[in-house]
Amino acid sequence: MSHLELILLATTSYLASLWLIERWRRWGRKPSPISLTELGRPHLRRALGPVLKALSRSEPRDQRGEELLATLEAGNLEGSRTLQRDLAAALDAPNAALLEATVALVAAEAQRSSFARHGLAVRSLRAARRARAVGVEAVYLEVLLLLGFLSDGLTEDLRLWQSRRLLARAADRELGDPILQLAAALRSAVAGQQAEAVAALARAFYHARDDRFVAGRILAAPFVEELSPSLIEEARRALREEETASARE
């Protein structure tokens with residue numbers, strides 16, 4: 001056996017052992033389909049934050065950022081795509097790619113056809129990768145796509161590994177960012193690591209300062225109440241306080 005063959009054999013054995021170790025660690029850990037559906041919903045306002053800021057700083061100031069957000073939240077795909085085309089010219093390349101990734105992700109969510117859903121998810125993933133210069137928002141979308149749309153029984157381990165690398169790199173810069181912690185919670189939930197998912201949700205809630213979206217994700221994930229009743233109460237309190245404030249206005 002040649003020297004090169006020995007190196008290839010050793011490398012293959014090493015990678016196989018890592019895969020087997022990871023499989024053994026995850027043995028018996030089952031993700032909750034309900035929690036994945038809820039945790040995989042994009043936080044649109046946070047994900048589009050750089051785009052909204054860029055539009056608000058443009059000259060003349062473009063007021064259609066909030067309109068775009070409203071159409072996406074309402075599931076108005078035709079209106080969202082029209083606005084995307086109109087707004088892209090006012091954005092630099094990374095922000096235009098982030099906008100494309102977000103619109104395509106929302107469109108993928110709405111598809112009944114698995115083929116159409118997959119095609120839009122791939123398009124969104126490519127756009128999110130082009131938007132990496134924007135920062136953690138692009139990483140957040142990448143993780144949602146890798147684990148919520150493109151993962152399957154054959155590629156789940158690869159997607160989990162890719163997501164871990166993305167999150168580790170981003171954490172070096174923005175460890176306290178709430179959407180980064182939401183992405184970490186999704187990854188832990190997919191891996192069956194529910195305690196780790198709850199811890200990430202708690203960090204997201206803390207850093208987001210009682211963000212309504214984060215509170216909603218905490219209440220929607222069924223394993224949180226069993227593992228952290230106090231976090232559930234904090235999320236309920238935040239929503240009650242926001243509803244009371246809105247009623248007074």
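At a glance:
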item	result
Breaking point among (1) in contact with a helix residue (DSSP H, G or I) (Cβ under 8 Å, 6 or more places away or on another chain); (2) free of Cβ contacts under 8 Å to residues at least 40 places away in the same chain; (3) hydrophobic (A, V, I, L, M, F, W, C), for Val190	(2)
Cross-chain or 6+ apart pairs with Cβ under 9 Å, the range 68-83 first and open to solvent by 50 Å² or more (accessible area, probe 1.4 Å), then of a type outside the set (Gly, Ala, Ser) and part of a helix (DSSP H, G or I)	Glu73/Leu44; Glu73/Arg45; Glu73/Val106; Glu78/Thr71; Arg81/Val103; Thr82/Thr71
Listing of helices (runs of 4 or more DSSP H) fully contained in the range 140-249 that carry 3 or more residues being of a type in the set (Lys, Arg)	156-174, 229-248
Evaluation of Ala97 against (1) under 18 Å from the mean Cα position of the chain (by Cα); (2) modelled with pLDDT under 65; (3) small (Gly, Ala, Ser) (one fails), failing number	(2)
Per-region count, the range 147-199, residues open to solvent by 30 Å² or more (accessible area, probe 1.4 Å), under 23 Å from Ala121 (Cα atoms), charged (D, E, K, R) and in contact with a Leu (Cβ under 7 Å, 6 or more places away or on another chain)	1
The listed residue being surrounded by 16 or more Cβ atoms within 10 Å (Cβ to Cβ), more than 22 Å from the chain's Cα centre (by Cα) and either modelled with pLDDT under 90 or part of a helix (DSSP H, G or I) (or both), out of Asp86, Asp62	Asp62
Long-range neighbours under 8 Å by Cβ, at least six apart or interchain, first residue farther than 23 Å from Thr102 by Cα within the range 144-158, second open to solvent by 20 Å² or more (accessible area, probe 1.4 Å) and not polar (S, T, N, Q)	Asp157/Trp19; Asp157/Glu22; Asp157/Arg23
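The values are calculated or read from the model by the stated rules, or taken from the named source; none is laboratory data. On a predicted model such as this, the values are computed, not experimentally measured, just so you know. Every residue, glycine as well, gets a Cβ built from its backbone with ideal geometry; the counts of neighbours run over all protein chains shown. Accessible surface areas use protein heavy atoms only, side chains included; no ligands, DNA or RNA. Shrake-Rupley method; radii C 1.70, N 1.55, O 1.52, S 1.80 Å.
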